[in-house]
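Structure, as structure tokens:
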Amino acid sequence: MSDIHQPLVSVLVPIYNVETYLEQCLSSLAAQTLKDIEVICINDGSTDSSPAIIRSFMNRDPRFHLVDKENSGYGDSMNRGLDAARGKYVAILESDDFMEPDGLEYMVEQAERASLEVFKCNFWLYWSKPTENHSFRHNLYFPLASPEMIEMGPHAPVDYPEVFWSKASIWSALYLRGFLEENHIRFLPTPGASYQDSSFTFKVLACAHRIAYSGRAFVHYRQDNEKSSVNSKGKVFCTCDEHAEMRRFLDEDRPDLKAALDPIRAHVKFLNYRWNYGRLTPDLRPTFLERYTAEMREEVERGAIPRGYFDGTLRPSGDDQDRFRYFEPWEIDEVADIMNEPAYFAAHFASETSPDRAQTVRTYWEAGGPRYLLRVLRDKASK
């Protein structure tokens, strides 16, 4: 690629065997009202017609470029794209999604006006086929940015940790490329892994001093791609690799941020691990729960989750309220069960989706006999 002109935005499109959706994705970028862009298509060893589709766009639009490589996974693809990017800003669009024509123009205008390092927007959940229960629905607005987040304007996320709990959605955002490079923000290149937006997002939020949000939505985030990583039940521990990278980042790269962000990181881990546990099939949950138990204990030993949460010396009121803000009381109770009574946690989690009361009773009985039944009755009585 020529270095004569620096485009305003480099759009990274990671691609692997997505011929069904790729034409729509790339067409949405070709149609952007912001013309000063480059589209970097990173082909991760596709064996379908995806490379031919990419080349067809390259033949008719010089803004499209190809990074062709053997299959090595999403994280490596994204890092190769970052290496190739020349724009002032970087955007990401997944190859099974597509973007409204004015998306990039709007994001650049807002980033330039407020001198932002990161600008994030809401998005649409998209189904390409009507479903039985929602026969006329194709899009559903996802309110990633709450009114409170939008009203904050430019801010440093470390001062407003609630933003760390929001969905990563790295593809509904614009990033200042110099900011990413100065802070050495890269993806974890673990072959065959998933959820590699997690550690990238944590690093971005950890380092940013000027980030802002918008309530507008531009990206249509596809929900019915059967090959999507969110539909892969077998990748049990991929999220653990991402959280190990977050911990390494604070320990080795940014120890200056560790005191402020370690408790936030631990809460993000609790939430992500809980989500991961819930998405797994019942036969895979016990294996992951062992890891969940061990790592929550490690977080307490590390001090990222204060021991005082469990021995009563810290309570969510009075002088201790600020130190308690990352965990709700029910979350602390659940962490305690994960560490000390994982079988009860598993039974309680399963009971949330039990079809009837009889099944709930059987679940608790099989997990811990009368002791667990008495406990659940006692807990309900105390609420």
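Applying the Karplus relation 6.51 cos²θ - 1.76 cosθ + 1.60 with θ = phi - 60° to segment 56-71 yields 3J(HN,Hα) values of 5, 6, 4, 5, 10, 8, x, 6, 8, 9, 10, 10, 9, 8, 5, 4 Hz, where x marks Gly and Pro. Mean projected area of the Cα convex hull of segment 1-119, taken over all directions, amounts to 7.0 nm². In this structure, the pairs whose alpha-carbon distance is over 20 Å, taken from Lys120/Lys235; Lys120/Lys203; Lys69/Lys120; Lys167/Lys269; Lys129/Lys167; Lys120/Lys269, are Lys120/Lys235; Lys69/Lys120; Lys129/Lys167; Lys120/Lys269. If R0 is 30 Å, the Cβ-Cβ spacing of Asp83 and Ala259 corresponds to a FRET efficiency of close to 0.40. Distance distribution P(r), segment 341-383, all Cα-Cα pairs, bin width 10 angstrom from 0: 32, 61, 7 percent.
For the chain, the relative contact order is 14 percent, taking Cα pairs closer than 8 Å that sit 6 or more residues apart in sequence and dividing their mean separation by the residue count. At the listed q of 0.10 Å⁻¹, the Debye profile of the chain, built from one uniform point per Cα, gives log10 I(q)/I(0) equal to -0.72. At full extension, Met58 and Thr287 could sit 77.8 nm farther apart than now, given 0.36 nm per residue minus the alpha carbon distance. Its residues counted as N, segment 234-340 yields a C-alpha radius of gyration over 2.2 N^0.38 Å of 1.09.
Can you tell me the dipole magnitude for segment 341-383 around its Cα centre, using point charges on the Cβ only (Lys, Arg +1; Asp, Glu -1), in Debye to the nearest 20?
Dipole of segment 341-383, to the nearest 20 debye: 200 debye.
Between the alpha-carbon centres of segment 162-208 and segment 89-118 there is a gap of 15 Å. GNM, the chain, Cα, under 10 Å: largest mean-square fluctuation among Gly73, Gly215, Gly308? In the Gaussian network model the winner is Gly308. For the chain, the longest principal axis of the Cα atoms and the long axis of helix 238-248 meet at an angle of about 90 degrees. Here the gap between Tyr141 and Ala294, fully extended at 0.36 nm per residue and compared with their Cα-Cα distance, gives a gain of 51.3 nm. Mean separation of Cα pairs under 8 Å and 6 or more residues apart, divided by the residue count, gives segment 1-91 a relative contact order of 43 percent. Summed over qualifying helices (DSSP H, 4 residues or more, each -39500 (n - 2.57)) and divided by its residue number, the chain shows a 222 nm mean residue ellipticity of -14000 deg cm²/dmol.
Peptides 12-21, 111-120, 346-355 ordered by packing proxy, namely the average of other Cβ atoms within 10 Å per residue, highest first: 12-21, 111-120, 346-355.
Stretch Trp165-Ala343 to full length: gain in nm at 0.36 nm per residue minus the Cα-Cα span?
The Trp165-Ala343 span can extend by a further 61.4 nm.
Mean-square fluctuations from a GNM of the chain, with a 10 angstrom spring cutoff on Cα atoms, peak among Phe187, Phe345, Phe123 at Phe345.
The numbers here are math on the coordinates, done by the rules we state, and not lab data. Given the structure is predicted, the values throughout are model-derived calculations rather than measurements. In this analysis, Cβ positions are derived from the backbone assuming ideal geometry, glycine residues included, and neighbour counts consider all displayed protein chains.
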